[in-house]
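For reference, the structure discussed in these notes is given below.
Every number here is computed from the coordinates shown, using simple stated rules; none is lab data. All of these numbers come straight from a predicted model, not from anything done at the bench. No Cβ is skipped: glycine too gets one built from the backbone with ideal geometry, and neighbour counts run over all protein chains shown.
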Amino acid sequence: MARILRLSLRRLTSDKRRAFSTGFAIIIGVAFLAATLVLGDTMRAGFKGLFAEANAGIDLAVRSEDGIGDAGDEMFVRGTTDEALVERIRQVPGVAAAAAQVEGTAQIIGADGSAIGGGGPPTVGAAWIDDPELSPYRIREGRAPQVDGEVLIDAYSAREGDIALGDTVEIRLPDLIESEVVGIATFGERDSFAGATLAAFDQDSAQRWFTGDDQVSAVLVRAEPGVDVAQLDALVSDTVSEVVGDGTEVITSAELTAEQEKAIEGDFLGMVTMMLLAFAGVALVVAGFSIYNTFTIMVSQRSRESSLLRALGASRPQVLSAVTIEAVLVGLVASLVGTGVGVGLAEGLRRLMASAGMDLGMESITINSAAVVTAVAVGLVITVLSSVIPAIKGSRAAPLAALRSTAVEATSVGRIRIAAGVFALAGGAAMVVTSGQMAADAAAEAASGGPAMSVLGIGALAALVGAVLLAPLAAIPFGHLLSRVTGALWPSGRISGRLAGRNVVRNPRRTASSAVALVVGVTVVTLFATMAVSMKGAMDDIVRRTFGGDIVVSAEWGSAGIGTDLASRIHELPEVDRAADLSYGLARVDGDDRDIVATDLNAIAGLTDLGVESGSFAGAGAGEVAVSRDFALENQVEVGDVVPVSFVDGTSLDLEVGAIYSETDFMGNVMLHSDDYLPHAGQSTVDVVLLSVAEGIDVSDAASSIEAAAGRGGPTVETRDEFIDSIAGEIDQALTLIYGLLGLAVLIALMGIANTLALSVHERTREIGLLRAVGQSRRQLRATVRWESVVTAVLGTVGGLGLGVFLGWGVVRAAFARSQGMDSALAVPTGSIVAIVVLAVLAAVIASVRPARRAARLDVLDALATV
Amino acid sequence: MLTDTTLTTTDSVDPAGDNPQADPRPHLAGNSANRPANGPANGPTVARTEAATKVYGAGETKVTALDAVSVAIPAGEFTAIMGPSGSGKSTLMHCLAGLDTLTSGRVFLDDVELSSLSDRKLTKLRRDRIGFVFQAFNLLPTLTALENITLPMDLAGRKPDQAWLDQVVRVVGLGTRLGHRPSELSGGQQQRVAVARALASKPAVIFADEPTGNLDRNSGIEVLKFLRSAVDDLGQSIVMVTHDPYAASYADATLTLSDGRIISHERAVA
Ligand SMILES: Nc1ncnc2c1ncn2[C@@H]1O[C@H](COP(=O)(O)OP(=O)(O)O)[C@@H](O)[C@H]1O
Ligand SMILES: [Mg+2]
């Protein structure tokens, strides 16, 4: 064993370059994985620290048990609690202090006129809490707000918005108010709480805007020193049920912290890490293919050596273990290096975020042993698994067979492989096609689309596996095609093309597995591109079909909204003909918590075409509700039926179904009348105003008037075309990120091609000597290698493009079966396809540079003398 | 030098298939009468060296593979280079063919001095003016026999002279096997294809390094006869390195090397 180990080590050190390039694929994949895990842990630890700090002075929190939506979800709206509780809790023995927490949304407008923060971290509006332990905020300058017209802001907002003590600032609640900045506070030692902005008011003002008079968001309680919190919890609970009865809960600060951690995990961290992990997965799969290929070639090159070893008495397990040990060594070193690089990457990103002003409480990087072990183990397992198959094949070489054979050529592709490949590809394709129908059927019956998505996923995977198995078959015609193409394009290059083509064909399995790594990356890129283009097309189509107005005024995501005041001023502008406000919210409709849109049902009819199936929007007013066909099917309601709807403030209304419509893409399944919704929605707001412009008025003039009316830091005003463009722009933005991440997988694949190429060239040294002797110029030799690289890359790219467009079509069909018109919206991303092909060819040319140069440098006589 | 008796006694199977006692070497049958019996030819030369010296290594390990060799290879003849193993035969051939460079001295091929040529020009020279036949692995496994034959012309991007190609192909005698890959041909057939490739581009000279070294006797004779007929019927100049006296007996003249020096240059005796 020791001797075998020494042999493996010697092989590795004697061919450092190969060991390095084998390891490199794994290094990149593992680095990505480790960076994701470590950054996730670091952010988690950062938030944990921040939440713990925020809740440090609190022992108990008393708040409403109820809310609408899923608790822990970002959209969750919790009910309020009676203010009277505060005073009563103060009197509970053992309570040192109790304070009212009153919270809502408030956007501070900076000196430059734009709103500060948003787009992720919350923009908090609150009542200032005087108790220095119940509030994590410390006043740095000035004092607490005491009367209406005074505000205290966080130091981050003061810096970002260039606001000083004594300034008058505008704040969107969403209606604009003006307040004098009387204080600037820090969150503990920090300028802000993870980038959240704070506008704190006196309690009466805050209640008026956020919770309603006599209501509070929660009561925060601090125990006297030495008091047992569990006992106090019981006492407070008793008092609470005495005062307000059921429906109010008492939780400890530990529970509160845990809940906040879970919430940030659910709506931010979890999503980000899952997505990054998926990309790391793609990168690692691609790396696996590259390693498989490298080891296959290495084993075949060593088959002579192995045979010699076996002839000299080495057993099969010994020969096998020599390769496996090598794989373990490469895998271990590469995984360790990769993990190190990943940790460095995470640290770099942490610093980058810090220097960009994103203070997420990450003072230092958090390296959990679980993350390190996972990254190293995954890298090691992939390397070893990818090398075991070639190793087993290699160890099968009979003691003398390999010594006799010269050029081992496997032009044939196994029958079982073909059969399995055809089965997987055809079966997978059939499943993808079927899933679309399943999803459509499910949509028609308003049933869950889950099974369809599962069928789609399994089908996609099967198709990918089938393509991988059948790739060698495609390599053969491809190689021949290349010979023709080069001959037709330029006769002087014919011979280089022919030689390259023949090399591609001589070992189709190797060519294929080299190309397959690229197939995986390109498939995923194309899948996303196809989805994106199709979605853009569909959105365009939907907006044009359903929205008949001219202008869309929309509040930025995560902002305080448009405000009823501004909305009504927009309605009254002379340039505006018809207008309807939309408020997005939550309500319990017929027993289920649902996203709803509140609007003027009558006015919306003149601005949109929602595909009314029965009843009518026109004339519908307060007391009525419009529901989608899906909702009607699911809840068995018809026009004229009554549906119970309740709100976060506890009010319940019986609303009559006035219309049933089919277009759900913008309005969702339930539309309420604003008059029914806004009074019960807490801090009332309008999210979107749709409008049409009066006769004879230029749309862009009208847009300017609206912008002027909105004032500083106001909502976005877009014409219909601009609105469509901005949706497309958002999709493109998401796509850019995805492209960047997948580019990594493609890079690994191309390194794999370069690696395979280098090994193939090495294997053909003698042939190269012969070619050079009989008159092949260095240029021609380089061209041959280059062509080989390009054909392999094009093979992988074309395969990936085909598969990606097909799967993209499948996803578009299945995922959008519910939305009218999306199912037929498949668009082929021509631009992306051209770009991918051009990039692949360019990259293949670059990948071939080194192997080609090495081939061209070979001394003719030395090459000829190679066995 | 050569004894024909060894041939007739050991040559139990006549590859030509006719009279088992017939000497398969056609040039010995009578057409050598118009050539001098001894010494190098005085006619035109296709290649020559002037004090060609090749030294490998330095100091202790220094090996003088060629020691001031001056030799002229006559055009239109079949010249054999003989000598014991390590005597410098291959080195001389490589230097003559532009595959290797001299330490000192000069080599002329077609009256062109090779040391002055760039790699590009040397490659072009090898492609257009020289034919090669190596001991083994002469053919590209991915190309068919015919594609291997036309390879130098294809590399030059030039159309082969069809009439000439037909003639070469006819002489090579592969018939329908021309479309086959080398792996489907016997060793002798492979070497004949290699010779055909060397011939097809009408080079000034063909260099063959132990072309029969890896072949059984019968296949070897096929190849030697093929080389011989190339000289006789097509007027090709050929230089063949061999250490087999029987193979050398097919040549018009034999150059013998020992320790990097020419010890004899004799014409074959009939
Ligand atoms: N590349 C080389 N490096 C060092 N010595 C060499 C090299 N090639 C040949 N030699 C030496 O030069 C001498 C002549 O070699 P060679 O021409 O191959 O002989 P032959 O072909 O007659 O057997 C031998 O002693 C050989 O060891
Ligand atoms: Mg030799």
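Given a Förster distance of 35 Å, report the FRET efficiency between B:L117 and A:R854 from their Cβ-Cβ distance, rounded to the nearest 0.05.
0.90
Can you give me the P(r) profile for segment A:108-204? Cα pairs, bins 5 angstrom wide beginning at 0, each as a whole percent.
That works out to 3, 15, 29, 29, 18, 6, 1, in percent per bin.
Debye sum, Cα scatterers, the protein assembly as shown, no solvent: what log₁₀ I/I(0) at q = 0.08 1/Å?
Calculated log10 I(q)/I(0) at the listed q: -0.95.
What is the helix-to-structure angle for A:778-815, meaning the angle in degrees between its Cα long axis and the longest Cα principal axis of chain A, kept from 0 to 90 and rounded to the nearest 10?
Roughly 40 degrees between the two axes.
About the Cα centre of segment A:662-772, what is the dipole size in debye to 20, counting +1 per Lys and Arg Cβ and -1 per Asp and Glu Cβ, all else neutral?
Details: 5 positive and 17 negative charges, 257 e Å.
Here the size comes out at about 1240 debye.
Nearest 5 percent is fine: what portion of the DSSP beta bridges confined to segment B:5-267 is antiparallel?
55 percent
For chain A, what is the mean residue ellipticity at 222 nm derived from helices alone (per DSSP H run of n ≥ 4: -39500 (n - 2.57); sum divided by total residues; nearest 500 deg cm²/dmol)?
Estimated from H runs of four or more residues: -19500 deg cm²/dmol.
Return the FRET efficiency for the residue pair A:A426, A:V642: r is the Cβ-Cβ distance, R0 is 51 Å, and the value is rounded to the nearest 0.05.
Working from the Cβ atoms, E equals 0.45.
Hey, what D do you get for segment A:209-301 in µm²/s if you plug the Kirkwood alpha-carbon radius into Stokes-Einstein at 37 °C and 0.692 mPa s?
174 µm²/s
Mind sorting A:M275, B:M240 by how few other Cβ atoms lie within 10 Å of their own Cβ, fewest first?
On the way: A:M275 14, B:M240 27.
Ranking A:M275, B:M240 by Cβ neighbours within 10 Å, fewest first, gives A:M275, B:M240.
Give the relative contact order (percent, whole number) for segment A:549-720; include only Cα pairs under 8 Å separated by 6+ residues.
Dividing the mean separation by the residue count of segment A:549-720 yields 38 percent.
Please list the non-local residues whose amide H lies under 5 Å from the amide H of A:A827, H modeled 1.01 Å from N, same-chain partners needing a gap of 5 or more.
Correct list: A:S534.
In nanometres, what is the gap between the two model label sites at A:R484 and A:E656, each 7 Å from Cα along Cα-to-Cβ?
With each label point 7 Å from Cα toward Cβ, the separation is 7.3 nm.
Got a sec? Which residues in segment B:113-151 would a label at B:Y56 touch, if it sits 7 Å along Cα→Cβ and we count backbone N under 19 Å?
B:134-136
Compute the FRET efficiency between B:Q167 and A:S315 as 1/(1 + (r/R0)^6), taking r as their Cβ-Cβ distance and R0 = 45 Å, and round to the nearest 0.05.
0.20
Report the label-to-label distance for B:S70 and A:V227 in nanometres (one decimal), using points 7 Å from each Cα along the Cα→Cβ vector.
12.0 nm
Under the definition of partner shielding as Cβ atoms of other protein chains within 10 Å of a residue Cβ, what is the mean value for peptide A:739-749?
Going residue by residue through A:739-749 and averaging, the value is 0.
Report, for chain A, the % of DSSP beta bridges that are antiparallel, rounded to 5.
About 80 percent, rounded to the nearest 5.
Taking the Cα centre of each part, how many Å lie between segment A:606-682 and segment A:192-217?
31 Å
Along the positive direction of the dipole of segment A:58-253 (beta-carbon charges: Lys, Arg +1; Asp, Glu -1; about the Cα centre), which of A:Q146, A:A99, A:Y156 reaches farthest?
So the residue furthest toward the plus end is A:Y156.
Can you pull out the GluC sites (Glu not before Pro) in segment A:66-167 that DSSP calls coil and that have at most 14 other Cβ atoms within 10 Å?
Those that pass, being in a loop and sparsely packed, are A:E74.
Which whole number gives the average, over all residues in B:140-151, of C-beta atoms from other chains lying within 10 Å of the residue C-beta?
Per-residue shielding by partner chains comes out at 4.
Which shape class applies to segment B:5-267: rounded if a/c is under 1.5, otherwise prolate when a/b exceeds b/c and oblate if not, where a ≥ b ≥ c are the square roots of the Cα gyration tensor eigenvalues?
Oblate, because a/c is 1.5 or more while a/b does not exceed b/c.
Quote the charge dipole size of segment B:5-267 about the Cα centre in Debye, to the nearest 20; the model charges only the Cβ of Lys and Arg (+1) and of Asp and Glu (-1).
For this selection, approximately 620 debye.
Figure the gain on full extension for A:D246 and A:I418 (residue separation times 0.36 nm, minus the Cα-Cα span) and round it to one decimal in nm.
Result for the pair: 55.2 nm of gain on full extension.
What is the magnitude of the charge dipole of the protein assembly as shown about its Cα centre, with +1 placed on the Cβ of each Lys and Arg, -1 on the Cβ of each Asp and Glu, and no other charges, expressed in debye to the nearest 20? Don't jump to the answer; show the numbers that get you there.
Working: 89 positive and 129 negative charges, 2714 e Å.
Roughly 13040 debye, rounded to the nearest 20.
Which of B:L99, B:L66, A:L352 comes first, and how do the rest follow, when ranked by fewest Cβ neighbours within 10 Å?
A:L352, B:L99, B:L66
If the cut-off is a Cα-Cα distance under 26 Å, which lysines reach A:K48, setting aside same-chain residues fewer than 8 apart in sequence?
A:K262
Rounding to the nearest 10 and keeping the result within 0 to 90°, find how far the Cα-based axis of helix A:494-506 lies from the longest principal axis of chain A.
The angle comes out at about 80 degrees.
Please compute the length gained on full extension between A:A734 and A:A444, using 0.36 nm multiplied by the number of residues separating them and subtracting their Cα-Cα distance.
Computed gain between A:A734 and A:A444 is 101.4 nm.
Given Cα pairs under 8 Å that are at least 6 residues apart, what percent is the relative contact order of segment A:58-253?
Working: 450 pairs, mean separation 69.4, N = 196.
Computed over segment A:58-253, the figure is 35 percent.
Would you mind calculating the relative contact order of chain A from Cα pairs under 8 angstrom and at least 6 residues apart, reporting the percent as a whole number? Kindly include the intermediate steps, with their values, before the conclusion.
Numbers: 1724 pairs, mean separation 140.3, N = 867.
About 16 percent, as a whole number.
Can you give me the Rg/Rh ratio for segment B:110-251, using Cα atoms for both radii and the Kirkwood formula for Rh?
Working: Rg = 14.6 Å, Rh = 15.3 Å.
Reported Rg/Rh, Kirkwood definition of Rh: 0.95.
Show the residues, 5+ positions off or on another chain, whose built amide H is closer than 5 Å to the amide H of A:V612.
When sequence neighbours closer than 5 places are left aside, the close amide H contacts are A:S662.
Per q in 0.11, 0.12, 0.13 1/Å, what log10 I(q)/I(0) does a Debye calculation on the alpha-carbon atoms of segment A:58-253 return?
The calculated log intensity ratios at q = 0.11, 0.12, 0.13 Å⁻¹ are -0.51, -0.60, -0.70.
Compute log10 of I(q)/I(0) for segment A:549-720 with the Debye formula, placing one identical point scatterer on every Cα and leaving out solvent, at q = 0.11 Å⁻¹, to two decimals.
Reported log10 I(q)/I(0), two decimals: -0.45.
Determine, for B:E60, A:E178, the number of other Cβ atoms within 10 Å of each Cβ, and report the residues in order from fewest to most.
B:E60, A:E178
Which order do peptides A:803-814, A:837-848 fall in by mean Cβ count within 10 Å, highest first? It would help to have the intermediate numbers written out before the result.
Working: A:803-814: 24.4, A:837-848: 19.2.
Descending mean neighbour count gives A:803-814, A:837-848.
For helix A:720-763, what angle does its Cα long axis make with the longest principal axis of chain A, in degrees from 0 to 90 and rounded to 10?
It is inclined by approximately 20 degrees.
May I ask which of B:K89/B:K225; A:K393/B:K124; B:K54/B:K124; B:K121/B:K159; B:K62/B:K202; B:K89/B:K202 have a Cα-Cα span longer than 32 Å here?
Details: B:K89/B:K225 22 Å; A:K393/B:K124 43 Å; B:K54/B:K124 23 Å; B:K121/B:K159 20 Å; B:K62/B:K202 39 Å; B:K89/B:K202 24 Å.
Exceeds cut-off: A:K393/B:K124; B:K62/B:K202.
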